[in-house]
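Taken together, the values in this text are just the output of simple stated rules run on the coordinates, not laboratory data. Because the structure is a prediction, the values reported are computed rather than measured. Here the Cβ is made from the backbone with ideal geometry for all residues, glycine too, and neighbour counts use every protein chain on show.
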């Protein structure tokens with residue numbers, strides 16, 4: 001079940017302890033409204049196709065071609081790829097550590113989860129919005145939004161990724177250690 005938890009971005013004044021969340025919700029309409037208030041897009045679509053365990057990128061994109069065409073038509077994204085992470089993926093630790101550092105992008109970060117789950121942390125103003133995205137969730141993070149992503153130590157997800165340029169995923173890391181203060185997906 002998708003979930004949104006909203007925290008202040010600072011500790012409780014007694015060290016770096018994580019403060020209590022200001023809001024926790026599992027209702028998709030509430031998640032969508034809270035994120036929209038902060039400029040983040042969130043939708044739930046049917047992820048109606050099951051993928052074979054050995055599906056490669058071309059199979060994944062062909063299976064979800066209707067959804068890909070919809071996002072590209074409605075939002076103008078030029079490039080799309082698929083990322084599929086499994087507990088035995090040889091680069092899972094390196095990629096997890098890379099995504100766990102706060103960063104921004106010069107373009108929107110748009111993901112449609114077709115399998116599994118992942119945890120987006122959105123650092124907006126003085127809040128951190130911890131958004132658990134699961135199968136059927138589409139999230140659109142505007143360019144310049146500070147954020148990080150956790151796929152967990154044993155990742156199991158597949159997401160379609162949409163880009164405005166052919167370079168794909170290009171991050172500018174902030175150097176802020178804020179991600180170290182928040183719980184991870186375990």
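Below are the figures for this structure:
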| read-out | value |
| --- | --- |
| Cα long-axis angle, helix 65-75 against the chain (0 to 90 degrees, to the nearest 10) | 60 degrees |
| Using a Förster distance of 22 Å, the FRET efficiency for residue 27-residue 48 (Cβ separation, nearest 0.05) | 0.50 |
| Cα gyration tensor shape for the stretch 28-99, rounded if a/c is under 1.5, else prolate or oblate | oblate |
| Length-normalised contact order of the stretch 1-128 in % [C-alpha pairs under 8 Å, at least 6 apart] | 26 percent |
| Per residue convex hull volume, Cα atoms of the stretch 90-186, in Å³ | 100 Å³ |
| Net length gained if the chain between residue 143 and residue 164 were fully extended (0.36 nm per residue, minus Cα distance) | 6.5 nm |
| Virtual paramagnetic centre 7 Å along Cα→Cβ of residue 106, amide N under 15 Å, in the stretch 25-47 | none |
| Estimated [θ] at 222 nm from DSSP helical runs (n ≥ 4, -39500 (n - 2.57)) normalised by residues in the chain, nearest 500 | -5000 deg cm²/dmol |
| Label-point separation in nm, residue 98 to residue 154, each point 7 Å along Cα→Cβ | 2.4 nm |
| Percent of Cα-Cα distances greater than 28 Å, calculated over the chain | 21 percent |
